[in-house]
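The values are calculated or read from the model by the stated rules, or taken from the named source; none is laboratory data. Computed from a predicted model, the values in this text were never measured in an experiment. Cβ sites come from the backbone with ideal geometry, for glycine too, and all protein chains shown count toward neighbours. These area figures cover heavy atoms from the full protein model, side chains too; ligands, DNA and RNA do not enter into them. Shrake-Rupley method; radii C 1.70, N 1.55, O 1.52, S 1.80 Å.
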Amino acid sequence: MSNSVNDYETLGFFYLGKDYDIKTREVTDKLTLYDSKNLVTHSVVLGMTGSGKTGLCMGLLEEAAMDHIPAIVIDPKGDIANLMLTLPDFKGSDFRPWINGGDARKKGSSPDEYAEKTAKRWGKGIGTWHQSPDRVRQLQDKIDIHLFPPGSQSGIPVSILSSLDAPPFEVIDDGELLGERIESTVSSLLSLVRVNADPIQSPVAILLSSIFQHVWTAEQSLTLESLIRNIQRPSFDKIGVIDLESFLPAKERQKLALKFNSLLASLSFSTWLDEPRKGAGFDELAGYAMNADNYKAVGKDCADWIYRNERVTHFQSPLYQEYSKPDQSAGDFRARLMVKGREAELAEEIAELEAKSDVNNTELDTEKVKPYKKDIDVNSVSLIWLPYNEDEKVAC
């Protein structure tokens with residue numbers, strides 16, 4: 001049976017391949033056409049590792065794009081970004097930037113040769129499924145992919161600052177919409193500082209909600225800096241009918257403000273504050289960046305390079321069986337050993353004292369014993385009971 005693009009290029013049906021006969025264990029000529037109406041509610045794809053879950057989802061997204069159906073994809077693993085790799089000409093030079101040099105060496109080929117072979121294999125592969133380079137080109141023309149990597153500048157940066165801006169008047173004027181916006185914003189901010197708070201019962205969540213309520217209804221925006229100042233000194237003195245200090249004391253508000261201040265000062269968080277530059281577009285990404293399968297090989301190559309080119313000096317103490325840290329100097333390691341040695345000496349002295357004063361076999365006159373309290377150190381406090389001589393007025 002001969003199939004062509006016209007057999008499956010029908011609006012509302014997604015072409016996913018061909019049916020598989022379980023009894024004969026062979027692929028049949030019957031096309032697998034999936035009715036897109038089945039995806040109007042929630043769906044889930046289940047399967048063991050390597051069974052093709054990601055491939056199926058990418059196929060669904062491609063077919064949806066062919067029908068001009070937009071998609072918002074949340075992809076923690078990073079595989080779906082490969083949709084940006086549409087190479088309709090199937091030329092080796094187009095594939096070359098994405099070729100893993102290690103894979104080429106394993107196949108006994110140069111990267112250029114391996115790229116050429118890969119391009120031919122892919123071109124032949126889509127042909128066996130009744131697709132053509134023209135359909136790949138149509139997909140490329142129909143889609144416009146924007147990549148928003150959280151905490152990274154490899155695509156369009158995700159900035160949380162815009163979420164603190166005052167919403168439009170239509171939202172402020174609608175109490176229900178404004179409440180939902182405030183609740184989602186407060187929950188997101190608290191999750192950033194790892195505070196698990198009930199938005200209805202938690203005092204910190206209610207305080208933040210009240211701050212946003214007062215500022216946004218005045219059609220003003222917030223920044224992290226101004227939010228911190230509002231947490232320390234809110235512009236209101238009551239929450240509900242309870243005064244602010246009774247509801248959430250200044251000491252507790254200061255703790256919350258310090259959490260947000262630490263977040264603001266964190267270098268790793270700075271990329272979350274960057275706004276996309278005006279007129280920013282996409283440049284061609286590095287070859288490995290779009291293929292998650294390459295990450296393991298890249299990590300191994302990096303480790304091999306470090307092993308061959310970098311040196312780390314370690315110091316060892318055979319007596320104490322201690323090793324220095326990678327960034328520790330000889331002087332610092334020697335000082336650490338001195339502390340270790342002193343701790344060992346003190347342990348021996350304490351053991352000797354305990355052996356000499358066997359408190360279990362010592363008879364004491366209870367009338368001549370008084371407690372004497374002494375702090376041993378800042379981390380532990382002990383009560384030492386010493387005999388007290390009433391005549392000599394000294395501890396003996």
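What is the sum of charges, Lys and Arg at +1 and Asp and Glu at -1, for the other residues whose Cβ falls under 9 Å from the Cβ of residue 19?
Overall, the nearby charge balance is 0.
Only Cα pairs under 8 Å and at least 6 apart count here; give the relative contact order of the range 1-108 as a rounded whole percent.
Numbers: 68 pairs, mean separation 19.4, N = 108.
Over the range 1-108, the number comes to 18 percent.
Given the whole protein assembly as supplied and a 1.4 Å probe, what does the accessible area of residue 46 come to in Å², nearest 10?
In the full protein context, residue 46 sits at about 150 Å².
Looking at this model, which pairs from 53/77; 77/296; 37/124; 23/124 are more than 23 angstrom apart at the alpha-carbon? Display every interim value, and only then the final one.
Working: 53/77 13 Å; 77/296 14 Å; 37/124 31 Å; 23/124 27 Å.
In this structure, 37/124; 23/124 lie more than 23 Å apart at Cα.
Which peptide among 176-188, 199-211 comes first, and what is the full order, when sorted by highest mean count of other Cβ atoms within 10 Å? Mind showing how you got there, number by number?
Values: 176-188: 15.4, 199-211: 18.1.
Listed from highest to lowest mean packing, they are 199-211, 176-188.
Provide, for q = 0.26 Å⁻¹, the log10 of I(q)/I(0) from a solvent-free Debye sum over equal Cα point scatterers in the range 177-267.
-1.69
Run the accessible area of the range 1-120 with a 1.4 Å probe and give the carbon-and-sulfur part as a rounded percent.
Roughly 56 percent of what the probe reaches on the range 1-120 is carbon or sulfur.
Per the 1.4 Å probe, what fraction of the accessible area of the range 168-263, in percent, lies on carbon and sulfur atoms? Before the final figure, lay out each step's value.
Working: 2810 of 5610 Å².
The nonpolar share, carbon plus sulfur, comes to 50 percent.
Return one whole number: the accessible area per residue of the range 74-128 in Å², for a 1.4 Å probe. List each step's numbers first, then the result.
Working: 3320 Å² over 55 residues.
Per residue, the range 74-128 has 60 Å² of solvent-accessible surface.
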